[in-house]
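Data first, discussion second: the structure below is written as structure tokens.
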């Protein structure tokens, strides 16, 4: 796979503070304190996650958010043809990247080493046809003792791992590099009426449907793997493959593959053994 094979449009190479509204910058600077005002952190981590992130020697700095409201274009296809809808694929990918870049810019403003617990959400609104808001949100963190925790490109690392999984990953000698993703919007061909009627009372595989969905998933996963290699990762953990129709109808489906790319930062690590826990509940 090459850069030309990817369903993406150019996005900023590094977080750009000009992408952020003045209100966001003001909110982040208030978190940093100063002039006799103590710093204040915000976080969407649960209490258990917060404790484990701190136990891993990271401190939360603030909740960081990126948003992009994007118009998703229209693409016309043949009723009986299975094919990728590349216009929609590029739109969905680019909008997510814009939201991620703005979230990273907020983390830069807080001088964070990374962002944990990243969530990517999509919301469609009634006031705009084919218009959606893409939002990335997570908790910016900084290592208490410094060190090199950023990506090779100098960006804060991003991860969708929970606080518990983040703690466990670090104790195995691995660390997160980047949240990597790949997507594919695919049109699944309709069956012809005579074909549908002839198979109505039979147990039979539908090879056209099988192949279309198989191909779409593979394209999404291949693109996610390409991002991980570009980030210099040794693997991807916590992979999810999500299918959604969004607003395009039953035969146009987006397959979205996302996970946390990781790399080894030290050899070995303490063995994490299962422990017996006895509940005191009745």
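Of all residues in segment 152-172, those satisfying the criterion of being in a loop (DSSP other than H, G, I, E, B) and loosely packed, with under 15 Cβ neighbours inside 10 Å are 152, 153, 154.
Looking only at residues of segment 20-46 that are in contact (Cβ under 8 Å) with a residue 40 or more places away in the chain and outside any loop (DSSP other than H, G, I, E, B), we find that the one that is surrounded by the most Cβ atoms within 10 Å (Cβ to Cβ) is 28. So which residues in segment 114-129 are in contact with a strand residue (DSSP E or B) (Cβ under 8 Å, 6 or more places away or on another chain) and surrounded by fewer than 22 Cβ atoms within 10 Å (Cβ to Cβ)? Scanning segment 114-129 gives 119, 120, 121, 122, 123, 124, 125, 128. Taking residue 209 as the residue in question, decide whether it is in a helix (DSSP H, G or I) and modelled with pLDDT of 95 or more. No: the conditions fail for residue 209. The set of residues in segment 178-191 being more than 12 Å from residue 81 (Cβ to Cβ) and at pLDDT below 85 consists of 191 alone. Restricting 59, 49 to residues that are part of a helix (DSSP H, G or I) and either surrounded by 14 or more Cβ atoms within 10 Å (Cβ to Cβ) or at pLDDT 90 or above (or both) narrows the list to 49.
Among the residues making up segment 124-134, a single one is assigned to a loop (DSSP other than H, G, I, E, B), closer than 22 Å to residue 100 by Cα and touching a residue at least 24 places away in the same chain (Cβ under 8 Å): 130.
Does segment 135-151 contain any residue that is at pLDDT 90 or above, part of a helix (DSSP H, G or I) and under 23 Å from residue 227 (Cα atoms)? No - not one qualifying residue is present in segment 135-151.
Restricting attention to segment 71-93 and to residues that are within 30 Å of residue 22 (Cα to Cα) and buried (at least 19 other Cβ atoms within 10 Å of the Cβ), the residue that is modelled with the highest pLDDT turns out to be 93.
The values are calculated or read from the model by the stated rules, or taken from the named source; none is laboratory data. What you see is a predicted model, and the numbers here were worked out from it, not measured in a lab. With ideal geometry, Cβ positions are generated from the backbone for all residues, glycine too; neighbour counts draw on all protein chains shown.
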